[in-house]
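Report on the structure given below.
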Amino acid sequence: MSMNSFGHLFRVTTWGESHGPALGATIDGCPPEVPLTEEMLQVWLDKRRPGQNRNTTQRQEADQVRILSGVFEGKTTGTPIQLMIENTDQRSKDYGEIAETFRPGHADITYHLKYGNRDYRGGGRSSARETAARVAAGGVARAAIEAMAPGLEIKGYMTRMGEMEIDRAALDLGEIDNNPFWIPQDATTAQAWEDYLTKIRKDKNSVGAEIEVIARGVPAGIGAPVYAKLDTDLAAAMMSINAVKGVEIGEGMAAAELKGTDNADEIFMGNDGRPVYSSNHAGGILGGIATGQDLVVRFAVKPTSSILSPRASIRKDGSATEVVTKGRHDPCVGIRAVPVGEAMMACVILDHMLLHRGQVGENRSSIG
C-alpha cells in the first residue's frame with residue numbers, strides 16, 4: 001500500500017529519488033501498436049528540463065529518457081513500458097546541513113513522522129524532480145491519444161505568478177512557447193513577469209503560481225457518474241503534483257459567486273447535428289462525464305519552500321534552530337509545473353478513453 005501508482009486501465013507507477021542514480025515510470029495498460037520512440041518522449045521532457053534559463057533551478061540535467069521495455073520496432077507491444085531517466089547533476093553535499101533538521105514548508109517532518117527516516121538529499125521522493133517521470137508517462141499517453149483521437153490537443157499555461165496575472169481579454173495561445181513563463185501574452189507582458197521574478201529572487205524569496213490546462217477535442221461521453229468522475233480523477237491527478245495546494249474545474253471556486261441563470265451553460269442544436277453550448281462554466285464536464293467542450297482545469301502551486309531567507313524550525317532531537325536552505329532551487333516552481341500539468345491531463349484523458357471503450361464502446365445515444 002505504498003500508493004506510488006495512479007490510473008485505472010492506463011496505470012502509471014513512478015519510482016526513484018531526486019539524488020538517486022535514476023528515476024522513472026512503469027506503465028501498464030498502454031494499447032499495442034502505438035507508434036512510440038524515445039525522441040517522441042524527449043520533446044515533452046525538454047519542456048520541463050531544469051537549467052534552461054535564470055528563472056528556474058540551475059541544476060543541469062539532460063533528462064534523457066530511455067525506453068527499457070514494452071516497445072518493439074517503434075511501436076508499443078501492449079506489455080509494461082519501463083522508462084528511465086538518469087540523474088547526472090546531483091550535489092548532495094548541499095543538503096548535509098539539514099540531515100538532522102526539518103525545513104519549514106517541506107515534507108521533511110511528515111516523512112520522518114511516518115517512516116522514521118527520510119532521504120534528505122534534495123527531498124528524495126518528495127522532490128519536484130519526481131515529476132520528470134510523470135512527463136515521460138504523459139508522453140506515452142499523448143502518443144496513444146493521437147492514435148485513438150487525432151486532433152485532441154492539450155495546452156497548459158501560467159495565469160498567475162504572485163502579483164502578476166494574465167489579461168484574459170488579450171489571451172494569445174500562440175505566444176505560450178515564446179516566453180519562459182508559458183504565458184499566453186505578448187513579449188512586453190513576459191518581460192514584466194521576468195522583472196518581477198528577478199526581484200523576488202534577489203530578495204532571497206520565492207513566489208507561488210496558478211496554472212491552467214485545457215484539452216480540446218475531448219470525446220463527449222468519457223467519464224463516469226459517481227466514483228470515477230472525470231473531474232474527480234483530474235482533480236486528484238493535479239493535486240498529486242508536488243507543491244499543488246488547490247484545484248479548480250471550470251468556474252471552480254468562482255461558481256460560489258454566480259446565480260443559476262449565469263452558471264448554467266445553455267444548450268442549442270448545431271448545424272452538424274451536435275449540441276453546442278453558450279458558455280463553458282462547467283469546464284467541459286457535467287455529472288462526471290465530458291460534454292465534448294474544452295476541459296478546463298486550474299491548479300495553484302505554493303511558493304518554493306527552499307529559500308535563502310532564514311526560517312525558524314526544529315531538529316530531530318527537538319531543539320530549536322534556524323534554517324537557510326542552500327542548493328539550486330526554482331524561485332517559482334510553477335514555471336516547470338506547466339508541462340507536468342499537461343502530462344497528468346493526458347494520462348487521465350487516455351485512462352478514461354480506455355474505460356469508456358471497455359464499458360460502452362461507442363456512445364449509446366444520439367440527439368435529433
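Residues in the range 62-95 that are modelled with pLDDT of 60 or more and open to solvent by less than 90 Å² (accessible area, probe 1.4 Å): how many? The total comes to 23.
From the list Ala147, Ala143, Ala132, the one residue that fits, being open to solvent by 40 Å² or more (accessible area, probe 1.4 Å) and touching a strand residue (DSSP E or B) at 6+ places or on another chain (Cβ under 8 Å), is Ala147. Within the range 236-257, the residues that satisfy the criterion of being open to solvent by less than 60 Å² (accessible area, probe 1.4 Å), over 18 Å from the mean Cα position of the chain (by Cα) and over 18 Å from Ala215 (Cα atoms) are Ala254, Ala255.
All told, Ala215 falls short of being at pLDDT 95 or above, assigned to a helix (DSSP H, G or I) and in contact with a strand residue (DSSP E or B) (Cβ under 8 Å, 6 or more places away or on another chain).
Restricted to the range 314-338, and to residues there that are of a type in the set (S, T, N, Q) and either touching a strand residue (DSSP E or B) at 6+ places or on another chain (Cβ under 6 Å) or modelled with pLDDT of 85 or more (or both), the residue that is nearest to Ile214 (Cα to Cα) is Thr321. Considering each residue of the range 299-306 in turn, at least one proves to be in contact (Cβ under 8 Å) with a residue 24 or more places away in the chain, outside any loop (DSSP other than H, G, I, E, B) and either surrounded by 24 or more Cβ atoms within 10 Å (Cβ to Cβ) or not aliphatic (A, V, I, L, M) (or both).
Residues considered: Gly292, Gly273, Gly287. Of these, the only one that is more than 24 Å from the chain's Cα centre (by Cα) and on the phi > 0 side of the Ramachandran plot is Gly273.
Take Glu163 and decide whether it is of a type in the set (Asp, Glu) and without any contact (Cβ under 8 Å) to a residue 24 or more places away in the chain. Against the criterion (of a type in the set (Asp, Glu) and without any contact (Cβ under 8 Å) to a residue 24 or more places away in the chain), Glu163 does not qualify.
Of the residues making up the range 341-362, none is modelled with pLDDT of 90 or more, outside any helix (DSSP H, G or I) and open to solvent by 70 Å² or more (accessible area, probe 1.4 Å).
The values are calculated or read from the model by the stated rules, or taken from the named source; none is laboratory data. No experiment lies behind these values; they were computed from the predicted model shown. Ideal geometry is used to build each Cβ from the backbone, glycine not excepted, and the neighbour counts take in all protein chains shown. Surface accessibility is based on the protein's heavy atoms, side chains included, excluding ligands, DNA and RNA. Shrake-Rupley method; radii C 1.70, N 1.55, O 1.52, S 1.80 Å.
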